[in-house]
Amino acid sequence: GQSLEQPSEVTAVEGAIVQINCTYQTSGFYGLSWYQQHDGGAPTFLSYNALDGLEETGRFSSFLSRSDSYGYLLLQELQMKDSASYFCAVTLWASGYSTLTFGKGTMLLVSP
Amino acid sequence: NAGVTQTPKFQVLKTGQSMTLQCAQDMNHNSMYWYRQDPGMGLRLIYYSASEGTTDKGEVPNGYNVSRLNKREFSLRLESAAPSQTSVYFCASSERNWGRGGSYNEQFFGPGTRLTVL
């Protein structure tokens, strides 16, 4: 089976930097994705890591260590609009097709 | 482009009733997915369709059936609804992108259907 662990809640203030960690135990791991979901809304894709190291996309960066089965999402220069839930998800491949298994999500609360 | 659309947005059923949740995408994606989201549980895959004409079970398929009607449409049916199926249901479709390390599928989600079973 697959399991992903991430903190249930993280709080930070505007302008700060926050890191959301994700550890996983899977078979057939192919890569780690991050999705953002504002309250009541549709999840939206943020980033993907297949190789070790850091991927940067504007204020957001994502890191992966395959040997440690660990990744994180780094959010810089936090804004109020970053208050949302963040999900890590592992990409699994079977019979030539891929699916995602999601963690339970981390709620980020940004305060003024 | 509308992206991924779902109908209805809200639905209340009585135990034992049946209904079909509709999903359509206009992005010409091959793969489509149905998830349910419960508080504190994240998104769990119910069924997916890797391409037109194929469907496969996900993590929590019991109590559901799906139909991939054509490339655009993927429906989810509850034959006999139970209170345990009270949830928010999301449909998604995916396209293959290329990044460092190879290809990956980016999923695009619909707005969700909020279903309550009494």
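Mind listing whichever residues of region B:2-25 are over 16 Å from the mean Cα position of the chain (by Cα) and at positive phi?
Of everything in region B:2-25, just one residue is over 16 Å from the mean Cα position of the chain (by Cα) and at positive phi, namely B:Gly16.
So for region A:78-99 (the condition being part of a loop (DSSP other than H, G, I, E, B), among the β-branched types (Val, Ile, Thr) and under 20 Å from B:Glu106 (Cβ atoms)), does at least one residue qualify?
No, region A:78-99 contains no residue that is part of a loop (DSSP other than H, G, I, E, B), among the β-branched types (Val, Ile, Thr) and under 20 Å from B:Glu106 (Cβ atoms).
Six or more apart or on different chains, Cβ atoms under 7 Å: show the pairs whose first residue is in region A:8-22 and farther than 13 Å from A:Gly105 by Cα and whose second is of a type in the set (Asp, Glu) and not in a strand (DSSP E or B).
A:Gly15/A:Glu77
B:Arg96 versus (1) within 11 Å of chain A (Cβ to nearest Cβ); (2) assigned to a loop (DSSP other than H, G, I, E, B); (3) more than 23 Å from B:Leu13 (Cβ to Cβ): which is the lone unmet condition?
(2)
May I ask you to list the residues in region A:50-75 that are under 15 Å from A:Leu108 (Cβ atoms) and loosely packed, with under 15 Cβ neighbours inside 10 Å?
A:Arg59
Going by the conditions given, is A:Ser61 free of Cβ contacts under 8 Å to residues at least 24 places away in the same chain, polar (S, T, N, Q), more than 25 Å from B:Cys91 (Cβ to Cβ) and part of a loop (DSSP other than H, G, I, E, B)?
Spelling it out, it is not the case that A:Ser61 is free of Cβ contacts under 8 Å to residues at least 24 places away in the same chain, polar (S, T, N, Q), more than 25 Å from B:Cys91 (Cβ to Cβ) and part of a loop (DSSP other than H, G, I, E, B).
Any idea which of B:Val60, B:Val88 is surrounded by fewer than 19 Cβ atoms within 10 Å (Cβ to Cβ), in a strand (DSSP E or B) and within 12 Å of chain A (Cβ to nearest Cβ)?
B:Val88
So, in region A:36-64, how many residues would count as being under 13 Å from the mean Cα position of the chain (by Cα), among the small types (Gly, Ala, Ser) and at pLDDT 95 or above?
2
Restricting to region B:99-118, and then to whatever is surrounded by 17 or more Cβ atoms within 10 Å (Cβ to Cβ) and more than 10 Å from chain A (Cβ to nearest Cβ), can you tell me which residue is farthest from B:Gly3 (Cα to Cα)?
Step by step, filter region B:99-118, then rank; the result is B:Val117.
For B:Leu21, work out the one condition from (1) within 14 Å of chain A (Cβ to nearest Cβ); (2) of a type in the set (A, V, I, L, M, F, W, C); (3) touching a Leu at 6+ places or on another chain (Cβ under 8 Å); (4) not in a loop (DSSP other than H, G, I, E, B) it doesn't fulfil.
The number of the failed condition is (1).
The values are calculated or read from the model by the stated rules, or taken from the named source; none is laboratory data. Because the structure is predicted, anything quoted here is derived from the model rather than measured. Cβ atoms come from the backbone with ideal geometry, glycine included; neighbour counts cover every protein chain shown.
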